[in-house]
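The values are calculated or read from the model by the stated rules, or taken from the named source; none is laboratory data. This is a predicted model, so every value here is computed, not measured. Heads up, the Cβs are rebuilt from the backbone with ideal geometry, glycines too, and the neighbour counts pull from every protein chain shown.
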Amino acid sequence: MRRPLVAANWKMHKNLKEAVAYTRQFAPLVANLSEVDVVLAPPFLALPALVDTLKREGHTRIQVAAQHSHAERHGAFTGEVSLGMLRASGVKLVLVGHSERRRLFHETDTGINEKTRAAIAEGIIPIVCVGETLEERESNKTFEVLKRQIRLGLAGLSPDQVAAIIVAYEPVWAIGTGHVATPKQANTVHTRLRQQLSAQFSLEAAQACRIIYGGSVKPSNAAELMTEPDIDGALVGGASLEPASFAEIVLASQQKTIEDV
Ligand code: PGA
C-alpha cells in the first residue's frame with residue numbers, strides 16, 4: 001500500500017518568525033497521525049529554522065521541502081540555491097515544475113528533467129508537478145499535455161528512481177481558484193498517469209510511485225478526494241497557511257489508510 005503524503009506549499013508567504021510560530025502550533029496537531037508523510041515547503045529563508053525547530057521539538061516525522069532549486073551544484077547563478085545547499089540544511093524534498101514556475105519563470109520540461117535528476121543524485125526527493133491549463137482541458141488535450149510532461153520531465157530515470165519520487169497532479173485551472181477537480185475527475189487523471197508510468201518505466205514503479213493531487217484542496221473536500229484509490233495525498237497551497245486547516249487535511253488523509261485496512 002502506498003503511504004499517503006500531504007505537503008504544504010506556502011509559496012511566497014510567511015517570514016522566518018511566522019514560519020517558526022506556525023510550525024510550533026502545527027506539529028503537535030499531527031503528532032499522532034503516524035500513517036501519513038507530512039511535508040512543509042516554506043520560502044528559502046525559513047528552511048533551516050524549520051528543520052531545527054522540528055528536530056528540537058521531537059517532530060521528526062515532518063519533513064521540510066524547498067519550493068525551488070537550481071540543477072547545477074554551484075557556480076555563477078545569482079540568486080539561485082543548489083540542491084547540495086538544501087541537503088546540507090536538512091531539506092529532504094523539493095518541488096519541481098510547479099505550474100507557477102513553468103508559467104511565470106519560464107521553466108521547461110527539459111529544465112524540469114535536469115532538476116529532477118539532479119535532486120535524485122543529491123538524495124533529495126523531487127515532487128514533480130504536472131497539470132494542464134483550462135484551455136488545454138477544453139480542447140481535449142489534457143492527456144497529451146500530461147503525457148509530454150511525464151515523458152520529458154522524468155526522462156532518463158530508472159524504474160527504481162520513479163518508484164521513490166512523488167508526482168503531483170495539479171490542474172492549472174484548479175490552483176488558487178477555488179475550482180477543485182472532482183474526486184472522479186482527479187482520479188481518472190491519476191490512473192492515466194500511472195498507466196503512463198507503467199508504459200515508460202515498469203508496472204512496479206507505477207504502483208509504488210505516489211501521485212498526489214493539488215489545486216484548491218481544503219478541509220471540506222480533502223476527505224472525499226482521499227477516498228479515490230489512485231489519489232495518494234495532496235499538495236496544498238492556500239489552505240495550508242493556517243495550522244488547524246492544514247492539520248485537518250492531514251487527518252483526512254490518515255482516514256484513507258484506516259479505511260483501506
Ligand atoms: P492551492 O495551491 O491549494 O492554493 O490551489 C496548490 C498549489 O499550487 O500547490
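Here are some notes:
- Output for the range 43-58, where each listed residue is within 26 Å of T257 (Cβ to Cβ), of a type outside the set (A, V, I, L, M) and in contact (Cβ under 8 Å) with a residue 24 or more places away in the chain: K55, E57
Here's the yes/no breakdown for (1) of a type in the set (F, W, Y); (2) within 16 Å of the ligand (Cβ to nearest atom):
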position: R3; (1), (2): no, no
position: V6; (1), (2): no, yes
position: W10; (1), (2): yes, yes
position: H13; (1), (2): no, yes
position: L16; (1), (2): no, no
position: T23; (1), (2): no, no
position: P28; (1), (2): no, no
position: V39; (1), (2): no, yes
position: P43; (1), (2): no, yes
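- The number of residues in the range 223-250 being in contact with a Ser or Thr (Cβ under 7 Å, 6 or more places away or on another chain), assigned to a helix (DSSP H, G or I) and either more than 12 Å from the ligand (Cβ to nearest atom) or among the small types (G, A, S) (or both) comes to 2.
- Scanning the range 167-210 for residues that are touching a residue at least 60 places away in the same chain (Cβ under 8 Å) and touching a Gly at 6+ places or on another chain (Cβ under 8 Å) gives A168, E170, V172, I175, G176, R210.
- Taking the range 1-99 and the helices (runs of 4 or more DSSP H) fully enclosed by it, the elements with 3 or more residues that are buried (at least 20 other Cβ atoms within 10 Å of the Cβ) are at 16-29, 47-56.
- Every condition in (1) surrounded by 18 or more Cβ atoms within 10 Å (Cβ to Cβ); (2) over 17 Å from the mean Cα position of the chain (by Cα); (3) closer than 26 Å to Q161 by Cβ; (4) of a type outside the set (V, I, T) holds for P229 except the one numbered (1).
- Test: L54 is within 26 Å of L16 (Cα to Cα) and touching a Pro at 6+ places or on another chain (Cβ under 9 Å): no
- Lone unmet requirement of (1) closer than 24 Å to R102 by Cα; (2) within 16 Å of the ligand (Cβ to nearest atom) for P219: (1)
- In the range 115-163, the residue that is modelled with the highest pLDDT out of those that are assigned to a loop (DSSP other than H, G, I, E, B) and of a type in the set (V, I, T) is I124.
- Subset of the range 67-106 (residues that are away from the ligand (no atom under 14 Å from the Cβ) and touching a helix residue (DSSP H, G or I) at 6+ places or on another chain (Cβ under 8 Å)): S69, H70, A71, E72, R73, H74, V81, L83, L86, S89, G90, V91
- Within the range 107-116, considering residues that are of a type outside the set (A, V, I, L, M, F, W, C) and either over 16 Å from the mean Cα position of the chain (by Cα) or within 16 Å of the ligand (Cβ to nearest atom) (or both), the one farthest from G131 (Cα to Cα): E114
- Criterion: over 20 Å from E228 (Cα atoms), more than 11 Å from the ligand (Cβ to nearest atom) and in a helix (DSSP H, G or I) - qualifying residue of A199, A186: A199
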